[in-house]
Structures are given as C-alpha cells and as structure tokens.
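Each reported figure results from applying straightforward, stated rules to the coordinates on display, with no laboratory input. Because the structure is a prediction, the values reported are computed rather than measured. We place every Cβ from the backbone using ideal geometry, glycine too, and count neighbours over all the protein chains shown.
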Amino acid sequence: MYESRLPTDMELLTTRLGALARRIENGATFEEATLDKDEQAMRSHLQRIEAACSEIAAEFTLVQGDRSEYVNHRQKTSSLHEKYTAMATEHEQKMKEARKRAEEIQRVADVASENLAAFDPGS
C-alpha cells in the first residue's frame with residue numbers, strides 16, 4: 001500500500017556500503033577497501049581537474065589570440081589617429097591661410113569700393 005522508496009542519498013549510501021561489504025568479503029581489509037574507494041574518488045576528481053585545466057588552457061589560448069588582435073588593432077588605430085591628427089593640423093593651417101587671404105581680398109574690395117565712390121560721387 002505504501003511505497004518504501006529510499007531517498008537518493010540513502011540509495012547512494014546503501015550502494016557504497018554494499019560495495020564496501022563485498023570488498024571486505026573478498027578478503028580486503030576495511031582500510032584497503034576504504035583506501036581503494038578513496039583512490040578511485042581522487043582519480044575521478046583529478047580527471048575532472050585535468051578536464052577543467054584543459055578547458056582553461058584552451059580559453060587562455062583563445063584569449064591570448066584575441067589579445068594579439070587587440071594589440072594589433074590598437075597599433076593600427078594609434079597610427080590612424082596620428083595620421084588624422086596631422087591631417088587636421090594641416091587643414092587647420094590651410095583654413096588660417098584661407099581666412100587671411102579672404103581678409104586681404106576683402107580689404108582690396110573695400111579699397112576698390114572706396115575708389116569707385118571717389119570717382120563717382122553721385123552714386
């Protein structure tokens with residue numbers, strides 16, 4: 001009528017105790033059986049650690065590759081920044097010269113207007 005289902009932790013414990021009991025029945029001492037179980041657990045942990053290290057190494061290699069790309073990109077952008085800064089300076093100088101020339105031409109136009117007014121007082 002009622003299900004006597006063991007919790008997962010209890011099932012795992014029962015399984016481990018059963019395996020330990022079989023090892024002891026087969027002639028292993030409790031210490032040997034426990035050490036064997038611990039050794040297997042440690043190997044399992046080491047395998048997981050090695051797998052994690054492999055993943056990290058792969059990601060590190062990927063990041064190192066990305067870093068090289070970023071270094072190259074930064075160098076290119078620095079070079080372009082210098083180039084465009086020089087171009088901006090050059091264009092600013094040309095603008096100053098153009099404004100100066102425009103002022104000179106305006107003065108010539110003003111003098112020409114004054115001379116025309118002097119020769120043609122009626123207009």
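Between Y70 and E90, what FRET efficiency comes out of the Förster formula 1/(1 + (r/R0)^6) with R0 = 30 Å and r the beta carbon distance, rounded to 0.05? Each step should come with its number before you reach the end.
Details: r = 30 Å, r/R0 = 1.00.
The pair E90/Y70 has a calculated efficiency of 0.50.
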Q: Convert each backbone phi in segment 80-92 into a coupling constant with the Karplus relation 6.51 cos²θ - 1.76 cosθ + 1.60 (shift: θ = phi - 60°), then list the ³J(HN,Hα) values in order as whole Hz, x for Gly and Pro.
A: 5, 4, 4, 4, 6, 5, 5, 5, 4, 4, 4, 5, 4
Q.
How far apart, in nanometres, would the label points at T77 and H45 be if each is projected 7 angstrom from Cα along the Cα-to-Cβ direction?
A. 4.5
